[in-house]
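**Student:** First the structure, then my questions, so here it is.
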Amino acid sequence: MRLKTIILILLIGVQTALSSPQIGSSTLKSPDGNLVITFETVEGGKPSPAGGKLVYAVSFRGKQLIDRSALSLELQGQRPLGGDVRIVKATPSEADETYRLIVGKTSSVRNRYNALRIEMEERSGPGRKLVVEAKAYDEAVAFRYLVPKQPTLSEFRLAKEKTEFRVSKDAMTYSLVLPNDRSMYESEFIKLPISAFSNQGGVASNVLIGLPLLMEVPGVGWMALTEADVRDYSAMCVINPSGSWMGHWFESRLAPRFDTPELAVVGPLPHHSAWRVLLVASDPGKLIESNVITSLNPETQLQDVSWIKAGKSSWDWWSGSIGADGKGAFNTQTMKHFVDFSARAGLEYMLVDAGWSPQEDILTMNGSVDVPEVVRYAAAKNVKVWIWLHWAAVDRQLDEAFPLYEKWGVAGVKIDFMSRDDQAMMDFYYRVAEKGAKHRLMVDFHGSTKPTGLERTFPNVVGYEGVLGMEQSKAGARDNPDNHVMIPFTRMLAGPMDYTPGGFRNVTKEEFEPRMEQPEVMGTRAHHLAMYAIYQAPIQMVSDHPAAYDNQPEFEFIRNVPATWDETKFINGAPGEYVTIARRRGSDWFLGSMTNWTPRRLELSLGFLGGEKYTAEIYADAPDAGRFPKKVFLEKKSVDRNTTLTLNLAMGGGYAARFRLVRGN
């Protein structure tokens, strides 16, 4: 399971990544020295070795990224913990390990970081204790709170977490504005400066911004704020509480508990928060390559993971559950029609969506679809079956349902409409993951929050929605090429993204009309092919009706593209403008490139191929794809690392390629 070499050294009295020139300050550096996070106590805005308000600051390549920002926890009925403390001990360590991901953007992850544990206590009664743990990677810094067991506290009852992110400049953000705490994270990322979220009338803003939050800090670098390992905690959003047109900073806001909204988190001691993660790089594409989010989660304890398989799936819901006769019918025969398509196309799975059971009773079939019969039929054709479930029924019937589905032979469950990420709902994610692992069921969370790395601990969790996906094309024009080239730099930074690609009814912006059956999509055919290489999704939908793919030679790219990867390389791009990503599985590389509504000409070096020769199978926009977006130009050519390809992307266009190793060259 794990290829692991750990070096864990306590560095005492030796010059290392930790320097503590005074008791009130401790500094941690990334292994390459470019990222620095400093923790200190201040009083009256000045450093105070004797103690004071706990703050942190971050610099990147010698330039300030985060100014002094406060760290504190507001426990119910008590003064803030962190407002008046002194540092009593700072313990550094470092680690360099390699672990494997069962499915993901890479199969082998190097987890190299320097770490710091800072122990504090209040300067006056009741003398409560607080610990901050921090890690510094070459592409990120992360920290979390730990409230240890102590005589003065009987329970962890958190009203608010007051973590500040005082960005050094009024950065340009790519922000996901949420309507409230009951959200499925399905909206656009909008480009605005931080100060745009302040209330210029002098009252703190209530605009709730979801994570990940991407920022460009002028002259410093790119930074994305998110979180990891949210077990026994509540998910975080941020607000700009400045109340001033000059305010360009954020503060954490935890989703309130559903049962006691005056609290965010309740639990025993010791209790730790989720990791607060700042991904940092000079180029936004480098953040796409990072595996820090999974690295900040506990390693899996599952011994047998042979049943966890990435793959592609046909899906009845997208096209309107249309059967072989071209008519809509949600029944067993229609599901078998989709199974037949998966078998012909070499797809590993078929997904039966909502309607096979009463929504409130997932132990009973309602007579529309015989799930065990579909599973049996599919197994004979080497196809496995997923089924859709409503989360509330899963919450009530989890202990009975999952053993039943294991008996039926179901491969995985798509759980929908959670629409919350408070502490109780985050606990639901972990309970489902653990129970699913016990009964050999993979899990795809739809209607969900963003990923936080749970898939490392429970690799049977292979998907999250939490994105404005292709399903929106059935109702309106929100899903379009502008969105397609934004989400790789924003939402996808958190982890797997169940966007559900595969639309082959490609039309222009002017021709597009939303409809529920056999829906259309904006963007060229090559643009939609490229999604399979760009979007990370271990269970990847092939969403359109089987008939849409008949006699379409470009469907060959979808047949061949994997759903999990050994290596991922960002090639070029800019958020909301265009993106090119290459991914390797075994000896073959797959590449996708997409643009927004602006046509582009890109020169693409193939230096990532290494020293071998390859045959490129190219699926490019035809010269007139801007007017006729279904048209694709197919080409095969010999290439190597010295080759430069010219990509002519139409309006809403794209480019997809498979690079097959030439054996024996």
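**Student:** Kindly check whether there is at least one residue in the range 477-500 that is touching a strand residue (DSSP E or B) at 6+ places or on another chain (Cβ under 9 Å), closer than 21 Å to SER321 by Cα and either surrounded by fewer than 24 Cβ atoms within 10 Å (Cβ to Cβ) or β-branched (Val, Ile, Thr) (or both).
**Tutor:** Here is the first cut: in the range 477-500, the residues touching a strand residue (DSSP E or B) at 6+ places or on another chain (Cβ under 9 Å) are 477, 479-481, 483-500.
Still in the list and also closer than 21 Å to SER321 by Cα: 498-500.
Add one more test, that the residue is either surrounded by fewer than 24 Cβ atoms within 10 Å (Cβ to Cβ) or β-branched (Val, Ile, Thr) (or both), and what stays is 500.
The answer is yes, given that some residue of the range 477-500 is touching a strand residue (DSSP E or B) at 6+ places or on another chain (Cβ under 9 Å), closer than 21 Å to SER321 by Cα and either surrounded by fewer than 24 Cβ atoms within 10 Å (Cβ to Cβ) or β-branched (Val, Ile, Thr) (or both).
**Student:** Being aromatic (Phe, Trp, Tyr) and out of contact with any strand residue (DSSP E or B) (no Cβ under 8 Å at 6 or more places or on another chain), is that true of even one residue in the range 228-244? I'd like the intermediate steps shown before the answer.
**Tutor:** Pass one, the range 228-244, residues aromatic (Phe, Trp, Tyr): 233.
Narrowing the set further to residues that are out of contact with any strand residue (DSSP E or B) (no Cβ under 8 Å at 6 or more places or on another chain) leaves none.
So far as the range 228-244 goes, no, none of its residues is aromatic (Phe, Trp, Tyr) and out of contact with any strand residue (DSSP E or B) (no Cβ under 8 Å at 6 or more places or on another chain).
**Student:** Tell me the strands (runs of 3 or more DSSP E) entirely within the range 1-63 that contain at least 2 residues that are more than 20 Å from VAL85 (Cβ to Cβ) and at pLDDT 95 or above. Write out each step before concluding.
**Tutor:** Values: elements: 25-29, 35-43, 53-60.
Strands (runs of 3 or more DSSP E) meeting the threshold: 35-43, 53-60.
**Student:** If we scan the range 533-541, do we find a residue that is in contact with a strand residue (DSSP E or B) (Cβ under 8 Å, 6 or more places away or on another chain), hydrophobic (A, V, I, L, M, F, W, C) and under 19 Å from LEU649 (Cβ atoms)?
**Tutor:** yes
**Student:** Which condition from (1) assigned to a loop (DSSP other than H, G, I, E, B); (2) surrounded by fewer than 16 Cβ atoms within 10 Å (Cβ to Cβ); (3) of a type in the set (S, T, N, Q) is the one that GLN333 breaks?
**Tutor:** (1)
**Student:** Would you mind finding the one in ARG440, ARG431, ARG420 that is charged (D, E, K, R), under 29 Å from GLY267 (Cβ atoms) and in a loop (DSSP other than H, G, I, E, B)? Before you say what the answer is, go through the steps one by one.
**Tutor:** Values: ARG440 fails: under 29 Å from GLY267 (Cβ atoms); ARG431 fails: in a loop (DSSP other than H, G, I, E, B).
Result of the check over ARG440, ARG431, ARG420: ARG420.
**Student:** Could I ask something else about it? Just wondering, is there one or more residues in the range 256-275 that are part of a loop (DSSP other than H, G, I, E, B) and without any contact (Cβ under 8 Å) to a residue 12 or more places away in the chain? Explain how you work it out, then say what you get.
**Tutor:** First, the residues of the range 256-275 that are part of a loop (DSSP other than H, G, I, E, B): 256-264, 268-270, 273-274.
Those left that are additionally without any contact (Cβ under 8 Å) to a residue 12 or more places away in the chain: 260-261.
Yes.
**Student:** Kindly establish whether TRP307 is out of contact with any Phe, Trp or Tyr (no Cβ under 6 Å at 6 or more places or on another chain), closer than 23 Å to LYS105 by Cα and surrounded by fewer than 22 Cβ atoms within 10 Å (Cβ to Cβ). Don't jump to the end; show me each part of the working.
**Tutor:** Details: out of contact with any Phe, Trp or Tyr (no Cβ under 6 Å at 6 or more places or on another chain): yes; closer than 23 Å to LYS105 by Cα: yes; surrounded by fewer than 22 Cβ atoms within 10 Å (Cβ to Cβ): yes.
When the stated conditions are applied, TRP307 passes them.
**Student:** Sort out for me the helices (runs of 4 or more DSSP H) sitting completely within the range 486-602 that have 2 or more residues that are touching a helix residue (DSSP H, G or I) at 6+ places or on another chain (Cβ under 7 Å) and of a type outside the set (Ser, Thr, Tyr).
**Tutor:** 525-534, 555-560
**Student:** For the range 571-591, which residues satisfy the criterion of being buried (at least 20 other Cβ atoms within 10 Å of the Cβ) and not polar (S, T, N, Q)?
**Tutor:** Residues of the range 571-591 that are buried (at least 20 other Cβ atoms within 10 Å of the Cβ), as a first pass: 573, 575-576, 578-584, 589-591.
Passing the criteria: GLY573, PRO575, GLY576, TYR578, VAL579, ILE581, ALA582, ARG583, ARG584, TRP589, PHE590, LEU591.
The rows are residues; the columns are (1) surrounded by fewer than 24 Cβ atoms within 10 Å (Cβ to Cβ); (2) within 23 Å of SER306 (Cβ to Cβ); (3) modelled with pLDDT under 95.
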site: LYS435; (1), (2), (3): yes, yes, no
site: LEU454; (1), (2), (3): no, yes, no
site: GLN472; (1), (2), (3): yes, no, no
site: GLN518; (1), (2), (3): yes, no, yes
site: VAL521; (1), (2), (3): no, no, no
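The values are calculated or read from the model by the stated rules, or taken from the named source; none is laboratory data. As the structure is a prediction and not an experimental result, all values here were calculated from the model. Every residue, glycine among them, receives a Cβ derived from its backbone with ideal geometry; neighbour counts consider all protein chains shown.
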